Every structure is written in C-alpha cells, then in structure tokens.
Amino acid sequence: MEWIVKASCSLCDEEEEFEVSGNRPPYSVGDLIDSCGCGGKMMVDEILEV
C-alpha cells in the first residue's frame, strides 16, 4: 500500500507532504516526525491511503 502523509510545523506555517510504502499507516495523526528550520517540529495532520 502507498500512504500520503501531510505534516505541518508546530510553530510556523511550513507544510510537508510525502509518500510512504507499507502494509499499515507509518505514523499516527499528531506524531512529531521531523524538525523544521524555524526550530519547531513537524506534526502529522493527515494520512491518506493511495
């Protein structure tokens, strides 16, 4: 299965979207998955199955 993960920064309005392969969703909504350039953390907002 393919998943589209949408994430946004907890401090600024930076958004990120990427595709991940796997049998189940790779993250849960609300997971902190990456660091943003402003010093905030990228938080998962939405997970879509492709």
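The values are calculated or read from the model by the stated rules, or taken from the named source; none is laboratory data. Given the structure is predicted, the values throughout are model-derived calculations rather than measurements. Note that each Cβ is placed from the backbone with ideal geometry, even for glycine, and that neighbours are counted across all protein chains shown. The protein model used for the area step is the full one, side chains on, heavy atoms only, and it has no ligands, DNA or RNA in it. Shrake-Rupley method; radii C 1.70, N 1.55, O 1.52, S 1.80 Å.
Being open to solvent by 90 Å² or more (accessible area, probe 1.4 Å) and more than 13 Å from the chain's Cα centre (by Cα) is true for just one of Leu32, Leu11. Which residue is that? Working first, answer last.
Values: Leu32 fails: more than 13 Å from the chain's Cα centre (by Cα).
Matching residue, one of Leu32, Leu11: Leu11.
Can you confirm whether Ser21 is modelled with pLDDT of 95 or more and not aromatic (Phe, Trp, Tyr)? Walk me through how you get there before you give the answer.
Values: modelled with pLDDT of 95 or more: yes; not aromatic (Phe, Trp, Tyr): yes.
The answer is yes for Ser21.
If I filter segment 16-25 down to residues being surrounded by 12 or more Cβ atoms within 10 Å (Cβ to Cβ) and of a type outside the set (A, V, I, L, M, F, W, C), which single residue comes out as nearest to Ser35 (Cα to Cα)?
Glu16
Please list, ordered by residue number, the strands (runs of 3 or more DSSP E) wholly in the chain having 1 or more residues that are of a type in the set (D, E, K, R) and touching a Ser or Thr at 6+ places or on another chain (Cβ under 8 Å). Before you say what the answer is, go through the steps one by one.
Numbers: elements: 2-9, 15-21, 32-35, 41-49.
Qualifying strands (runs of 3 or more DSSP E): 2-9, 15-21, 41-49.
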